[in-house]
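This report refers to the structure that appears directly beneath it.
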Amino acid sequence: MARAQQAVDPGTGTGSVPERLLGAATRLFAERGYEGTSVQEVVVAAGVTKGAMYHYFGSKDDLLYEVYARVLRMQTEHLVRIAGREAPVAERVHAAAADVIVTSIANLDDTVIFFRSMHQLSEEKQRAVRAERRGYHEVFRDMVAQGQSEGVFRDDVSADLVVNYFFGSVHHLSTWYHPDGPLTGEEVGRHFADLLVAGLRPAS
């Protein structure tokens, strides 16, 4: 046990046991890949025992699932809150678009790890993630559709296509965004949201 304590990852040595395990798993999966990381390596990096891990996570793929699911849950909470505001629909769509960019960039490792390894999850967990992500997209789509019905947004393109177009760009953030680059996550979020809303405006 003393050996495990000495090996605690600096980024996961504090916080609750689940937080430490998820922090260690995220770092190790990013460095070594999901398949190249053992449960023993995760618990040593987190400074906990296997028993403690299995108290919270039934298996390694439960850890992989939670790496992404916690980000998606957070983004969904943000979106529901934004969608429920008493504000013009264009403002809400802009805020939601900016938020998903900012939160995706802030949790880029989690997202990259998950999409790289999602195929290794059980079919049940893959279905659960797809259903949760679909729920998020539906809330976003409903705001776009509201804007179209109010005449705020162009209606010659389906709201579903708008969502697929926008989130296709979101899912490619990891291929080009770098934290030490010229733009912050907030700046990227604002630019993406500006482009989305401008593209939805009816032609004058």
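Each residue in the range 146-196 was checked for being in contact (Cβ under 8 Å) with a residue 12 or more places away in the chain, in a helix (DSSP H, G or I) and open to solvent by 40 Å² or more (accessible area, probe 1.4 Å), and 8 pass.
Counting only helices (runs of 4 or more DSSP H) wholly contained in the range 22-141, the ones carrying 1 or more residues that are farther than 26 Å from residue 194 by Cβ, open to solvent by 40 Å² or more (accessible area, probe 1.4 Å) and modelled with pLDDT of 90 or more occupy 39-46, 50-56, 60-83. Please state which of the following conditions residue 9 fails to meet, knowing it meets all the rest: (1) at pLDDT below 90; (2) part of a loop (DSSP other than H, G, I, E, B); (3) surrounded by fewer than 14 Cβ atoms within 10 Å (Cβ to Cβ). Looking at each condition in turn, residue 9 falls short on (3). Look at the range 47-65: where a residue is more than 24 Å from residue 124 (Cα to Cα) and a partner is among the small types (Gly, Ala, Ser) and open to solvent by 40 Å² or more (accessible area, probe 1.4 Å), sitting 6+ places away or on another chain with Cβ atoms under 9 Å, you get 47/7.
The values are calculated or read from the model by the stated rules, or taken from the named source; none is laboratory data. It should be emphasised that the depicted structure is a prediction, and the values quoted were computed from it without experimental measurement. Every residue, glycine as well, gets a Cβ built from its backbone with ideal geometry; the counts of neighbours run over all protein chains shown. Keep in mind that these areas ignore ligands, DNA and RNA; they rest on the heavy atoms of the full protein, side chains included. Shrake-Rupley method; radii C 1.70, N 1.55, O 1.52, S 1.80 Å.
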